[in-house]
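Presented below is the structure to which this report refers.
Please treat every number below as a calculation from the coordinates, not as lab data. Source: prediction; values computed, not measured. So basically every Cβ, Gly included, is an ideal-geometry build from the backbone, and we count neighbours across all protein chains shown.
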Amino acid sequence: MEDKDFQRKSDQALDDLNRKLAAAGDRYDFEADFNAGALTIEFDHPPARFVVSPNSPVRQIWVSALTKSFKLDWNETRGAFVLAGTGQTLMELIQSAIGTHTGEEVTL
């Protein structure tokens, strides 16, 4: 994938995720902030911070959440960034991580 393609796809993925997070933040008690190309999700109770950011040199989106690091690659067939080990899309991974952190089922 060319730099330009990765940039466009990662920007779109993070923008879509940010819009869904903004709509769900009050419901699940977190705050999302999209700044300087990185998306942060912050929780007050219990305190935590998830970070979602593109890594252009390796053409991946990296997620730091639940004291782990996840690296997602573009999957042309699914039209999404996907975690190789589980097959989860970026949206599914974040949804699951928020649910694990809050202890409730989350729908974005």
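Restricting to region 80-97, and then to whatever is among the polar types (S, T, N, Q) and surrounded by fewer than 18 Cβ atoms within 10 Å (Cβ to Cβ), can you tell me which residue is nearest to the chain's Cα centre (by Cα)?
Only one residue fits best here, namely 96.
Out of 100, 77, 40, 67, report the one residue that is among the hydroxyl-bearing types (Ser, Thr, Tyr) and over 15 Å from the mean Cα position of the chain (by Cα).
77
Write out, first by first residue and then by second, each pair whose Cβ atoms fall under 7 Å of each other, whose residues are 6+ apart or on separate chains, and whose first residue, in region 49-71, is under 22 Å from residue 102 (Cα atoms) while the second is of a type in the set (Lys, Arg).
Here the result reads 62/71, each pair linking region 49-71 to a residue that is of a type in the set (Lys, Arg).
If I go through region 2-26 residue by residue, how many of them are exposed (fewer than 12 other Cβ atoms within 10 Å of the Cβ) and either in contact with a helix residue (DSSP H, G or I) (Cβ under 6 Å, 6 or more places away or on another chain) or not in a helix (DSSP H, G or I) (or both)?
The number of residues fulfilling the criteria is 1.
Counting just the residues of region 49-64 that are surrounded by 14 or more Cβ atoms within 10 Å (Cβ to Cβ), over 18 Å from residue 31 (Cβ atoms) and not β-branched (Val, Ile, Thr), which one comes out nearest to the chain's Cα centre (by Cα)? Quick ask: steps written out before the conclusion?
Here is the first cut: in region 49-64, the ones surrounded by 14 or more Cβ atoms within 10 Å (Cβ to Cβ) are 50-54, 59-64.
Narrowing the set further to residues that are over 18 Å from residue 31 (Cβ atoms) leaves 54, 59-62.
Then keep just the ones that are not β-branched (Val, Ile, Thr); that gives 54, 59-60, 62.
Working: 54: 10, 59: 15, 60: 12, 62: 8 Å.
Going through the qualifying residues, I end up with 62.
All but one of (1) within 24 Å of residue 2 (Cα to Cα); (2) of a type outside the set (Lys, Arg); (3) surrounded by fewer than 17 Cβ atoms within 10 Å (Cβ to Cβ) hold for residue 72, so report the exception by its number.
Only one criterion is unmet by residue 72, namely (3).
Does residue 32 qualify as being of a type in the set (A, V, I, L, M) and not in a strand (DSSP E or B)?
no
How many residues does region 1-43 hold that are aromatic (Phe, Trp, Tyr) and within 18 Å of residue 71 (Cβ to Cβ)?
The initial filter retains those residues of region 1-43 that are aromatic (Phe, Trp, Tyr), namely 6, 28, 30, 34, 43.
The next check asks that each one be within 18 Å of residue 71 (Cβ to Cβ); those that pass are 6.
Of the residues in that region, 1 qualify.
For region 1-22, enumerate the residues that are free of Cβ contacts under 8 Å to residues at least 40 places away in the same chain and closer than 19 Å to residue 101 by Cβ.
Across region 1-22, the qualifying residues are 18, 22.
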